[in-house]
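Each value in this text was obtained by applying a stated rule to the coordinates, not by laboratory testing. In this text the structure is predicted, and so the values were computed from the model without any measurement. Glycine also receives a Cβ, built like all others from the backbone with ideal geometry; neighbour counts cover every protein chain displayed.
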Amino acid sequence: EAAVTQSPRSKVAVTGGKVTLSCHQTNNHDYMYWYRQDTGHGLRLIHYSYVADSTEKGDIPDGYKASRPSQENFSLILELASLSQTAVYFCASSATGSGNTLYFGEGSRLIVV
Amino acid sequence: GEQVEQRPPHLSVPEGDSAVIICTYTDSATAYFYWYKQEPGAGLQLLMSVFSNVDRKEEQGLTVLLNKKDKQLSLNLTAAHPGDSAVYFCAPDTNAYKVIFGKGTHLHVLP
């Protein structure tokens, strides 16, 4: 069974603080993604990666950095968290970049106060 | 780039009735189409996928119709039951990495 696990599942952060969301997959997939979910907006792509040590910008990368130290791990970093970054964040993986199922983690709820 | 409109945003149907969710997209080169289901507090799970050369696909009480001429994709849950209550997303896949999600439809099946 494909598995994508995220940590933490929930976090409260202060404005201006640093937040790191972690994702680990055991699918042996090359592609990993970070999405943000907001009410009324569906899911929007923040960053993605198709190989270790390389990341690419998605549709809404401003205010976020990503790190892919290995095939299994993909992190999302908020260097200076802001109120507008309060959302649910989902990590996903896929075997290739197109025509393949996305396997999602259960999400990380971030509240910035 | 690809634009996706999904409707309705909210849908309530009695148990046993059908529920229809519709998406329109703009990129005629879209090759793959997905429907994902999100249950409360969980991530998204693939419901069905269709390739662009398929007009109709049926699986386990679900029917996906693809109208390429009108760039419209629909999901029909026949005989919905309370366990189908969830948020449903359409997701056209235009090319490498670029899966665009609709805004979702909150389906509530009334027992």
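Key figures
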{"read-out": "Rg/Rh ratio calculated on Cα atoms of chain A (Kirkwood radius)", "value": "0.94"}
{"read-out": "Charge dipole of chain B about the Cα centre (unit charges at C-beta), most positive-ward option of B:Asn67, B:Pro40, B:Val87", "value": "B:Asn67"}
{"read-out": "Within region A:1-96, GluC sites (Glu not before Pro) in DSSP loop having at most 13 other beta-carbon neighbours inside 10 Å", "value": "A:Glu1, A:Glu79"}
{"read-out": "For B:Leu47, residues with placed amide H under 5 Å, excluding near neighbours", "value": "B:Trp35, B:Tyr36, B:Lys37"}
{"read-out": "Ratio Rg/Rh [Cα only; Rh per Kirkwood] for region A:63-113", "value": "1.02"}
{"read-out": "Semi-axis lengths (Å, descending) of the ellipsoid that matches the C-alpha gyration tensor of region B:1-71", "value": "22, 15, 14"}
{"read-out": "Taking all pairs of distinct alpha-carbon atoms in the protein assembly as shown, Kirkwood radius in angstrom", "value": "17.9 Å"}
{"read-out": "Percent breakdown of C-alpha pair distances by 5 Å bin, ordered from the shortest bin, for region B:33-111", "value": "3, 14, 25, 26, 19, 9, 3, 1, 0"}
{"read-out": "Phi-based couplings in Hz for region B:48-56 (Karplus 6.51, -1.76, 1.60; Gly and Pro marked x)", "value": "8, 9, 9, 8, 5, 8, 10, 8, 8"}
{"read-out": "Within straight-line cross-link reach of A:Lys65, lysines at Cα separation under 26 Å, skipping those fewer than 8 residues along the same chain", "value": "A:Lys11, A:Lys18, A:Lys57, B:Lys98, B:Lys103"}
{"read-out": "Estimated vicinal HN-Hα couplings, Hz - region A:66-73 in sequence order (Karplus 6.51, -1.76, 1.60; Gly, Pro = x)", "value": "10, 9, 10, x, 8, 4, 7, 10"}
